[in-house]
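The values are calculated or read from the model by the stated rules, or taken from the named source; none is laboratory data. No experiment lies behind these values; they were computed from the predicted model shown. Cβ atoms come from the backbone with ideal geometry, glycine included; neighbour counts cover every protein chain shown.
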C-alpha cells in the first residue's frame, strides 16, 4: 500500500536535528516502510467509533488550586548548563 | 489616488487567570519574587514530569465563557504545540487546538452614536504561559516563575473596523473580566496581552484583504496607537498601487511605528498533536447549567437594574456597576437607608474621593455599609454637621468602627446630660400641643417629630437616644 510521502529534510528541520546526506537517504527509504506497516490498521472497520487520543474512558483528572513549595533555587540552577545570576543563561534570544 | 478602505480587525487576547497555583503543578503564581523560586520539575519541563490540570483554571475559563455568551464544549481536549525556544524547555506548549473549552460568544461594545455593536468571539481556550527572558548584550537569562501560569486565550472574529473599536472592545472585555474576578487584568504585570490581525480592502470587495499580525502591545492605548499607525501605513501602500504582504510586525512604542518581524514564509509549522498526559475535560449539561446559575449579573445588565430599582441617574449607575464590589457596597447601603439617591450621592462623591485619595478600593477599606448608613442617618437627622460627617467618614474608611459610637464617645457636639436636655424637651412639648395630641391618638410618628424638634432646638448637640427616652417619658406623663 502506498504510504504518504514524508519530506525527511523538512521533518529534520522542524525537529532541529542535523542529518548527514547519507542518514537523510537512509531515513527516506525506511520511513515509507514503517508507514506502510502502520497503514495495515486501515483494514479495520472503525466506522461508528468515536476517535480518541486516550485508551481509557477517564475524564476530569483535576487538582485543587493549593500551592506547594517550589524546589530550592540552588538545586534548580545546579541543572543549568550555564548561569546568569539566578537565571538560566542561554544565547541571546531576541526575535527581531 | 487616495481612498477610504474597509478595515477588518481581529484580536487574540491572552488573559492570566487568577489562580493561586500554575496550570499543571502546585507552584505558586507569584509576581515579583526572586527568579526561579516558584518552579518544579513540571514547569521546568523535565522529561517524565506529569502535568495535572488545575480545577480552578478550568472553572474560571468556563465562567468567563458563560459570561461572554459562549457555548461550552462538553468534551474538551488538550494538545501539544511544538516549537523550539528557551522559554519553553519541553519544546512544546500545552494548549487546545480543535476542542477548546468555549466556542462562539459575543461582547457588546459602546459606539459613539450611543448604540452598541456586537463583536463575535470565535473561541476561548486554556493554555500555559512560557518562561520570562531577560535580555543582556549577548546572553539571555530565563526565569521559570511565570512558566506554566494559566492563560485564557480569547479569539475574536475580524468584526472590529477601527482602532477606536478595538480599544473599546479591550476596555469592555477588561471590565467584564475584572467584574467577575477571573483575572487581575493588570496590563503592567502582563496579566492581559493582546495580538492583533488587521487587513484593508477597497469598498465593494467582500473578501478580506491580506492580513498583517501585530505583536507587543502592552496597553490598550498601545493597541490603539499601533492599529492607527498600521491602518495608515497599509492605506499608503495600497494608495501607491502596492501590495500588502502577509507578515508579523512588532509595535515599537518608543518610535511609534510597526516593524517587520517575520514573513509568512517563516511561519511556524506547530505540528499540533493530542497531549497524551492530560485526559479530556467533560462538562455535562447539568454542570454547565449550575455554573450558569451561579454567574453574577453582567455590568451592563446591573447598570440598568441599579438605575431602575434605586432611581439613580444613569451616570451614577454606570460608575457603580463597573465595579462589582462598589455596586455590592452601594446596594447594601441603599437597602438599609431606604433611599438609593442619598446612598449614591455619598458613595459617588465622598467615598470615591477617599478611594482615590488613599488608593484603597472599597473592598480593602475599613468602612462598612452599616457605618455609612449610620453616618447618613446622623446627617439626615442633623445630629452632626457635614464637616463632622466628612471627618467621621474618613476615620471609618481608614480605621473602621461605628460613627455613632465615635460621636457618643467623643461628645462630638452632643449633649446627653438629661438635666440640660429637660429644658429643651419641656419647651418642645409645650410648644407642640398638636403633636402631643396626635401621639395620644396613637400616631407613633409624632414622637419622632418631637425628638427632631428637640434636636433642632439643641442645634444638633443633643443625643437623640437620650432625647428619645426623655420625650417618651414626658409623653407618658401627659397621658397619665
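Annotations for the structure displayed:
- Residue within the range A:66-80 that is more than 30 Å from residue B:37 (Cβ to Cβ) and either at the interface with another protein chain (Cβ under 8 Å from one of its Cβ atoms) or surrounded by 13 or more Cβ atoms within 10 Å (Cβ to Cβ) (or both) present: no
- So residue B:208, is it more than 14 Å from every other protein chain (Cβ to nearest Cβ) and either touching a helix residue (DSSP H, G or I) at 6+ places or on another chain (Cβ under 9 Å) or assigned to a helix (DSSP H, G or I) (or both): no
- Index of the failed condition, residue B:30 passing every other in (1) crowded, with 22+ Cβ neighbours inside 10 Å; (2) in contact (Cβ under 8 Å) with a residue 60 or more places away in the chain: (1)
- In the range A:37-63, the residues that are at the interface with chain B (Cβ under 10 Å from one of its Cβ atoms) and surrounded by 11 or more Cβ atoms within 10 Å (Cβ to Cβ): A:52, A:53, A:54, A:59, A:60, A:61, A:62, A:63
- So residue B:57, is it facing chain A (nearest Cβ under 9 Å) and either under 28 Å from residue B:173 (Cβ atoms) or surrounded by 15 or more Cβ atoms within 10 Å (Cβ to Cβ) (or both): yes
- Any chance residue B:62 is at pLDDT 95 or above and buried (at least 18 other Cβ atoms within 10 Å of the Cβ): yes
- The condition (being within 19 Å of residue B:153 (Cβ to Cβ), touching a residue at least 60 places away in the same chain (Cβ under 8 Å), more than 8 Å from every other protein chain (Cβ to nearest Cβ) and not in a helix (DSSP H, G or I)) is satisfied by just one residue among B:62, B:66, B:23: B:23.
- When B:182, B:142 are screened for being out of contact with any strand residue (DSSP E or B) (no Cβ under 6 Å at 6 or more places or on another chain), within 14 Å of chain A (Cβ to nearest Cβ) and surrounded by 21 or more Cβ atoms within 10 Å (Cβ to Cβ), only B:182 passes.
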